[in-house]
Amino acid sequence: MIDILRRLLAPTPDRLAPPDARLALAALLVRVARTDGLYSAEEVERIDRVLALRHGLDAFAAARLRADAEAVEAEAPDTVRFTRALKEAVALEDRAALMTALWSVALADGFRDAHEDQVLRLVSNLLGLTDVESALARQRAEQE
């Protein structure tokens, strides 16, 4: 985990290898879930489900990845570096799905928080997505 933090904190981070990209995605999901100051069981379950579906993991492996991501997220200083690293690791056509996953975590606890909205607007912009694409991702997440 220290290695991924060192790479994310480099002035110009290198492209992440797939395992590190998975961990960075998971950490960003955790960051979004913790943004409102409440890290609910519903959000944890949603993160595990997103990780399992996105990466073909069983429940145990998804929970282990989330636990590792919680440690990374707690040590990482800013959302911008996670997002920039993910932008390099995730193809443009997959970023909308990533945004849907982020919205699904933010909405999992049943509350729409202004701080979460702000972080998701920042993340969407950093991923190179428009406000319209983010809104469509939110709508897809709401329909899940």
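The values are calculated or read from the model by the stated rules, or taken from the named source; none is laboratory data. Worth saying up front: this structure is predicted, and the values here are computed from it rather than measured. Cβ: placed from backbone, ideal geometry, glycine included. Neighbour counts: every protein chain shown.
Some points to look at:
- When ALA69, ALA101, ALA96, ALA85 are screened for being more than 19 Å from ARG46 (Cα to Cα) and either aliphatic (A, V, I, L, M) or out of contact with any Pro (no Cβ under 6 Å at 6 or more places or on another chain) (or both), only ALA85 passes.
Quick grid of which residues meet (1) touching a helix residue (DSSP H, G or I) at 6+ places or on another chain (Cβ under 6 Å); (2) among the small types (Gly, Ala, Ser); (3) at pLDDT below 85:
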| site | (1), (2), (3) |
| --- | --- |
| THR83 | yes, no, yes |
| LEU86 | yes, no, yes |
| LEU92 | no, no, yes |
| MET99 | yes, no, no |
| SER104 | yes, yes, no |
| LEU107 | yes, no, no |
| PHE111 | no, no, yes |
| ASN125 | no, no, no |
| THR130 | no, no, no |
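- Filtered by the rule that a residue be crowded, with 16+ Cβ neighbours inside 10 Å, under 19 Å from ALA141 (Cβ atoms) and acidic (Asp, Glu), segment 68-112 gives a lone residue, ASP109.
- Taking the criterion of being acidic (Asp, Glu) and more than 19 Å from ARG49 (Cα to Cα), the residues of segment 88-144 that qualify are GLU88, GLU93, ASP113, GLU116, ASP117, ASP131, GLU133.
The rows are residues; the columns are (1) in a helix (DSSP H, G or I); (2) under 18 Å from ALA106 (Cβ atoms).
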site	(1), (2)
ARG6	yes, no
PRO19	yes, no
LEU38	no, yes
ARG54	yes, yes
ALA63	yes, no
ALA67	yes, no
VAL80	yes, yes
LYS87	yes, no
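- Any hit, segment 10-20, residues being surrounded by fewer than 22 Cβ atoms within 10 Å (Cβ to Cβ) and either touching a Pro at 6+ places or on another chain (Cβ under 6 Å) or under 22 Å from GLU142 (Cα atoms) (or both): no
- Tally, over segment 116-144, of residues that are surrounded by 16 or more Cβ atoms within 10 Å (Cβ to Cβ), among the hydrophobic types (A, V, I, L, M, F, W, C) and under 18 Å from PHE82 (Cα atoms): 6
- Any chance ARG31 is assigned to a helix (DSSP H, G or I), surrounded by 15 or more Cβ atoms within 10 Å (Cβ to Cβ), modelled with pLDDT of 85 or more and in contact with a Leu (Cβ under 9 Å, 6 or more places away or on another chain): no
- Every residue from segment 35-56 that is surrounded by 17 or more Cβ atoms within 10 Å (Cβ to Cβ) and in contact with a helix residue (DSSP H, G or I) (Cβ under 6 Å, 6 or more places away or on another chain): THR35, ASP36, GLU43, ARG46, ILE47, ASP48, VAL50, LEU51, ALA52
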